[in-house]
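To start, the structure itself, in structure tokens.
The values are calculated or read from the model by the stated rules, or taken from the named source; none is laboratory data. Not measured: the values here are computed from a predicted model. Neighbour counts are summed over all protein chains in view; Cβ atoms, including those assigned to glycine, are modelled from backbone coordinates with ideal geometry.
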Amino acid sequence: MEKNQPYPLDELRRMITRLEIYRQSGDARRISSGMEPVDRLLGGGFSPGSLVEWFDPCEGAAAATLALAAARNACADGGALVVFDRRGEFYPVEAVRWGIDPRRLIVVQATARKDIAWAACEVLRSPAVGAMLAWAGRIDGRDFRRMQLAAEQGGGLGLLIRPEKTRGDPSWAEVRLTAEPLSSDGQRRRLRVRLLRARGVGGEHTVDVEIDEQTCRLYSVAQLARPAALARAARAS
């Protein structure tokens, strides 16, 4: 798919400007994380114009899958998803399977931190962008603040996947979470999500989630347990 080929940085602004023509502005609304219990804690979901950090202790696909679920909801009104694929491991077909419009998917390959920091601010500042997804290591505090201000201006969602070792670093993200795999029955992946910090939410909170690979939907284990418990009660009565 030609539209999903990685773009160099010098073409990024032209691509975003083209998309701005077609995106219709809408009222600000909370952006669902895709996980009902987390949305309830956050008052309906993530705030438009904010940064969200995902820490993946196992450095696998857990955080990326959950970030794609949030990106799908952030781009539901026609916004673009811009992905900074620093390691060359992003798989566009998987994003499309999760509901991302391939016509609104821009994959950028860049390795230098200063280039990524500059481009991320350009992307987040644009009203054409529904979500930005980037794998990031150490982030300079000034660059982090610039990204946060750019996200506020553009109104999109900045999703940062970071290694566990950066968890103690200063952060301008409104929400911080971790995702790690749990043992599963082989049919559905199960993950443990910890809400580490969120504005207006006290303490840490944990939610176990299952991924339905057929429908690309997320379900909390508690949601799945309730119908099973009701069925057992009905058989026993």
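Can you pull out every residue in the range 60-102 that is at pLDDT 90 or above, basic (Lys, Arg) and surrounded by fewer than 16 Cβ atoms within 10 Å (Cβ to Cβ)?
Arg97 - this is the single residue of the range 60-102 that is at pLDDT 90 or above, basic (Lys, Arg) and surrounded by fewer than 16 Cβ atoms within 10 Å (Cβ to Cβ).
For the range 197-216, which positions are in a strand (DSSP E or B) and more than 15 Å from Ala67 (Cβ to Cβ)? If you could, list the steps in order and put the result at the bottom.
Step one: list which residues in the range 197-216 are in a strand (DSSP E or B), which gives 197-198, 201, 205-212.
Result: Arg197, Ala198, Val201, His205, Thr206, Val207, Asp208, Glu210, Asp212.
Given the conditions (1) hydrophobic (A, V, I, L, M, F, W, C); (2) part of a helix (DSSP H, G or I); (3) without any contact (Cβ under 8 Å) to a residue 40 or more places away in the chain, and given that Ile100 satisfies all but one, which numbered condition is not satisfied?
(2) is the only condition that Ile100 fails.
So which residues in the range 135-153 are surrounded by fewer than 24 Cβ atoms within 10 Å (Cβ to Cβ), within 22 Å of Asp77 (Cβ to Cβ) and either touching a helix residue (DSSP H, G or I) at 6+ places or on another chain (Cβ under 8 Å) or modelled with pLDDT under 95 (or both)?
Within the range 135-153, Ala150, Gln153 qualify.
Considering the range 25-75 alone, what residues qualify as being closer than 16 Å to Val201 by Cα, among the hydroxyl-bearing types (Ser, Thr, Tyr) and not in a loop (DSSP other than H, G, I, E, B)?
If the condition is that a residue be closer than 16 Å to Val201 by Cα, among the hydroxyl-bearing types (Ser, Thr, Tyr) and not in a loop (DSSP other than H, G, I, E, B), then Ser50 is the only one that fits.
Can you confirm whether the range 106-116 contains a residue that is in a helix (DSSP H, G or I), touching a residue at least 60 places away in the same chain (Cβ under 8 Å) and surrounded by fewer than 22 Cβ atoms within 10 Å (Cβ to Cβ)?
yes
Considering (1) more than 17 Å from Ala117 (Cα to Cα); (2) in contact (Cβ under 8 Å) with a residue 60 or more places away in the chain; (3) surrounded by 15 or more Cβ atoms within 10 Å (Cβ to Cβ), say which one Arg167 fails and leave the rest.
With (1) more than 17 Å from Ala117 (Cα to Cα); (2) in contact (Cβ under 8 Å) with a residue 60 or more places away in the chain; (3) surrounded by 15 or more Cβ atoms within 10 Å (Cβ to Cβ) applied to Arg167, the lone miss is (3).
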